[in-house]
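Inspection log for the structure reproduced underneath, given as structure tokens.
The values are calculated or read from the model by the stated rules, or taken from the named source; none is laboratory data. Keep in mind that what you see is a predicted model, and the values were worked out from it rather than measured. Glycine gets a Cβ as well: all are built from the backbone with ideal geometry, and neighbour counts include every protein chain shown.
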């Protein structure tokens, strides 16, 4: 299964798009209003530290995915339930991403279409791509991300022409003090979307030049974080902090205000296509991570059948996870992100690195390079 390879540039595109993913849909830091961009910067800087943890684990166990290194760190007995937790985390997160896409499409351009049709159609395309292997996913990222990036640049440029655009909407900085921003940012901004890059540990073994793993991980997270920060600044400047804190789809709301000479209008379709691309990166990364972990845990020789099964699970799971989009967000930001994400993406990786370091000092438990 590890014979397939992905280039460093392809993995960079995939992970940078993964960081943007659904975060571009949701609008980060709504609770801190005009300080949302600071909220994102705090998450990005903390995420860079986490990425060092992830890449250090990978350097200790080169050629191993997260599922393969866990038995070598904590033993087979303890590793099985932990691997199952990560599989459940990746699968449920893929379902959440699919649900966010479905609600976006139903709310905006296809209000009369059943949401399960939208999510089901998306998952058919997603699984079709993933069944081609990591190389196909990498090539897709190589094609989509540059278009995605330049589309985002175009939208920002157009937003500068919007009449309500006012950089003063970002003031006052820390209007309610530093403490509320830190309170909301830790651990929420770290966990979503930056902590979710733990899935990169499922991709490193497929990298054709593993010595570049840390450089790729840090650069993709940094670029993704900078783009999210700039996007947040643009949204607040156009919409104002109050609307930014309340609107479910801030980028879409801001873009709907674009009108160049009463001729160039209705850029909604471009934004929706970008958001579909972002969800493609996020859901694709999670689904691939879950399928590889399942295949390795049960010693299967291929992942295609696993991906098909995951597609059949993710679609209904995305619908059963919440009765409405508001409830979906409430479960995510009030329960899942603060608790599950914190344990699986921050606490546990740091503990694993500590144990791996001790094992290294003791001189046993390491595979031969």
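Summed over region 54-93, the residues that are closer than 20 Å to residue 221 by Cβ and surrounded by fewer than 18 Cβ atoms within 10 Å (Cβ to Cβ) give a count of 2.
Per the listing 143, 190, 147, 167, the residue uniquely over 15 Å from residue 15 (Cβ atoms) and without any contact (Cβ under 8 Å) to a residue 24 or more places away in the chain is 143.
When you go through 110, 201, 182, 154 one by one, which is the residue that is in a helix (DSSP H, G or I) and closer than 25 Å to residue 271 by Cβ? Reasoning before the result, please.
Working: 110 fails: in a helix (DSSP H, G or I); 201 fails: closer than 25 Å to residue 271 by Cβ; 182 fails: closer than 25 Å to residue 271 by Cβ.
That would be 154, the only listed residue that is in a helix (DSSP H, G or I) and closer than 25 Å to residue 271 by Cβ.
The criterion of at least 2 residues that are within 23 Å of residue 121 (Cβ to Cβ) is met, among helices (runs of 4 or more DSSP H) falling completely within region 279-369, by 304-320, 325-331.
I'd like the full set of residues that are surrounded by fewer than 17 Cβ atoms within 10 Å (Cβ to Cβ) and either in contact with a helix residue (DSSP H, G or I) (Cβ under 9 Å, 6 or more places away or on another chain) or within 29 Å of residue 204 (Cα to Cα) (or both), limited to region 118-130.
Let us first name the residues in region 118-130 that are surrounded by fewer than 17 Cβ atoms within 10 Å (Cβ to Cβ), namely 121, 124-125, 128.
Of everything in region 118-130, those that are surrounded by fewer than 17 Cβ atoms within 10 Å (Cβ to Cβ) and either in contact with a helix residue (DSSP H, G or I) (Cβ under 9 Å, 6 or more places away or on another chain) or within 29 Å of residue 204 (Cα to Cα) (or both) turn out to be 124, 125, 128.
A single member of 110, 104 is surrounded by fewer than 18 Cβ atoms within 10 Å (Cβ to Cβ) and modelled with pLDDT under 90, and it is 110.
Working carefully through the options 63, 75, 21, 29, find the one that is at positive phi and out of contact with any helix residue (DSSP H, G or I) (no Cβ under 9 Å at 6 or more places or on another chain).
75
Among residues of region 258-273 that are exposed (fewer than 15 other Cβ atoms within 10 Å of the Cβ), none has a Cβ under 7 angstrom from a residue that is at pLDDT below 75 and in a strand (DSSP E or B) at a sequence gap of 6+ or on a separate chain. Taken together, the criteria place residue 181 among residues that are at pLDDT 90 or above and surrounded by 18 or more Cβ atoms within 10 Å (Cβ to Cβ).
Here 259, 295, 291 are screened, and the one residue that is out of contact with any helix residue (DSSP H, G or I) (no Cβ under 9 Å at 6 or more places or on another chain) and either more than 22 Å from residue 195 (Cα to Cα) or at pLDDT 90 or above (or both) is 259.
When the residues of region 123-140 are narrowed to those that are assigned to a helix (DSSP H, G or I) and free of Cβ contacts under 8 Å to residues at least 40 places away in the same chain, which ends up nearest to residue 10 (Cα to Cα)? Checked region 123-140; the qualifying residue nearest to residue 10 (Cα to Cα) is 136.
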